[in-house]
1. Just to compare against my own numbers: the Cα pair-distance distribution for the range 223-266, 5 Å bins, whole % per bin, please.
2. Quick check of the Kirkwood formula: for the range 18-297, what is the inverse mean of 1/r over all pairs of different Cα atoms, in Å?
3. What do you get for trypsin sites (Lys or Arg not before Pro) in the range 136-184 restricted to DSSP loop and a cutoff of at most 12 other Cβ within 10 Å of the site's Cβ?
4. Over the Cα atoms of the range 35-180, what Rg and Dmax result, in angstrom?
5. What aspartates and glutamates could a cross-link reach from residue 260, if we take a straight Cα to Cα line under 14 Å and drop same-chain neighbours fewer than 8 places away?
6. How much FRET efficiency would the formula 1/(1 + (r/R0)^6) give for residue 159 and residue 234, where r is the Cβ-Cβ distance and R0 is 30 Å, rounded to 0.05?
7. Under a Cβ-only charge scheme (Lys and Arg +1, Asp and Glu -1), can you give me the dipole magnitude of the range 18-297 about the Cα centre, in debye to the nearest 20?
8. At 7 Å along the Cα-to-beta-carbon direction for both residue 131 and residue 255, put a label point, then send me their distance in nm to one decimal.
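Just so it is clear, none of the values below were taken in a lab; they were calculated from the coordinates. Computed from a predicted model, the values in this text were never measured in an experiment. Every residue, glycine as well, gets a Cβ built from its backbone with ideal geometry; the counts of neighbours run over all protein chains shown.
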Amino acid sequence: MFRFVVVAALAFITGCGVPFARQSAVDPLIFDAQDVKNADKIAIFIPGALASVDIFAATKSWDDAGYARALYRFPGLDGLPNDHQIHPPTVARRIAEFANQYPDKDIALVGYSTGGPIALLTAPLVQGDRDVRVAAMSTAVEYGGGFPTVLRGISDIVKAMIATGSVKRQIVWKRFWAGLLYGPDALDDPAFEERLTRDIAAGEKIIVKLDPAVALAHTLGLPGFQLPDDLDLSGIPVAFFVGLNDRVFSTRQTYDFSQKIGDVTIYGYPEQGHLLFFTRPEVFEDVRSFVEGRPVLR
C-alpha cells in the first residue's frame, strides 16, 4: 500500500529505467494449448500489482473440474521482462483476443486487486454466444483508491512505527503486514496472536521483492484509471469477493465502485484483509461456485 507509493516515488527520484511501452515483446499469457483445446471452459486469472501468478496456486484443482487455466503475468515477474507498463485497457484487449480465439468455450475471468477492473474491462470484449462471468477478489477501484487508500497506508505505517517503537523496515513491516492480512483491530486481539505469528512467518516467504522500476511499471497507470462510462456489462454476471477489513480498498470504496457497475453481488469475509488468497485460499472454491452458477457457501 504506502510501501508501493514510496517505491514509485523512489523510482522517479533515482532515475530508474522505467519502460514506457504498453505491450510486452513476450506474450504475458501462459497456458497449455492442448488443455485449452480439450476443455469446454477457460478460466483466465489476472493478478494484482506486485503479485505473481503464484497467488492462484490453489486453483490447480480447477483442472479436475474441466477448466483450462490461463495466467496473465505482470512485467518483471514470472519470467516476463520488465519492458512495458500495466495499462488496464491494453491488458483487457489482449485477454479478449485470446478468449476470442476459442469462441465455443465459456469464459471465467478471475481478477485479484488490479486484475479486478481488468476483468471488468475484458468481459464485454469477449465475443460469441457463451457464458462469460467476472469474479473480482479484493478488487481495486478507480484511481487506485486515490487519496483515501494512500492516507490509510501512511496512517498504518505510522501506527506500526509507534507500536513497535522502531523505524527499522523489517520490524515495522511485520506489524504493517499483519494489519494488511486481517485489519488493524486484529493486532490488539490476543486470539489472533498465534495466527499472526504463523502468517507473518509464512508471509516473509511470499513477499515479492521488486526493484523500483518494476513497481512503477505495475502502478503508474493506476492513479488515473477510471472505468469508461459506456462500459456495458449487461447480461454478464459479476461478483466481488472482499475482506471486510481490507485496508487497501475499504468496504465503502468497494461498495461505491459496485454501484457504478450496477448489478454486482458482494461476498464479504469478516476479519479478513486484502490478501484473501493467502489468509482464505478456500475463497477460490467460492469463486468457482459463482462462475459455475452454484450457490456460494462460506
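1. Going from the shortest bin to the longest, the percentages are 5, 19, 28, 25, 16, 6, 0.
2. 19.3
3. 168
4. Spelled out, the Cα radius of gyration and Dmax of the range 35-180 are 18.2, 59 Å.
5. Partners within reach: 142, 229, 230, 232.
6. Numbers: r = 43 Å, r/R0 = 1.44.
Efficiency, from the Cβ-Cβ distance: 0.10.
7. Computed charge dipole of the range 18-297: roughly 760 debye.
8. 3.1
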